[in-house]
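Worksheet: one structure, shown below.
The values are calculated or read from the model by the stated rules, or taken from the named source; none is laboratory data. As the structure is a prediction and not an experimental result, all values here were calculated from the model. When we count neighbours, we look across all protein chains shown, and the Cβ atoms used for this are built from the backbone with ideal geometry, even at glycine.
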């Protein structure tokens, strides 16, 4: 997979995060490959964060959201029965919230 990425970027210049000067990938493949792998790691981390956030948003009800620390009134996505999520307004100020 790394060789495929390297082949795709062989004709391009990459600006490494540690340097302001672009790197010629045909002349310095090791630096290009290192930068590509760093970018791939950041993309994977971003995908992981987005996926975890989706999981956290799918609480069963407003009370569960409130207990988990989400105490600002507003629209949240809940999935009470596991059959599909939908948006609701949670009032977290009236009568103790939830």
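Hey, among the residues in the range 72-88 that are in a loop (DSSP other than H, G, I, E, B), surrounded by 12 or more Cβ atoms within 10 Å (Cβ to Cβ) and over 23 Å from the mean Cα position of the chain (by Cα), which one's modelled with the lowest pLDDT? Restricting to residues being in a loop (DSSP other than H, G, I, E, B), surrounded by 12 or more Cβ atoms within 10 Å (Cβ to Cβ) and over 23 Å from the mean Cα position of the chain (by Cα), the top hit is 73. Note on the range 1-59: residues that are touching a strand residue (DSSP E or B) at 6+ places or on another chain (Cβ under 6 Å), modelled with pLDDT of 55 or more and in a helix (DSSP H, G or I) total 3.
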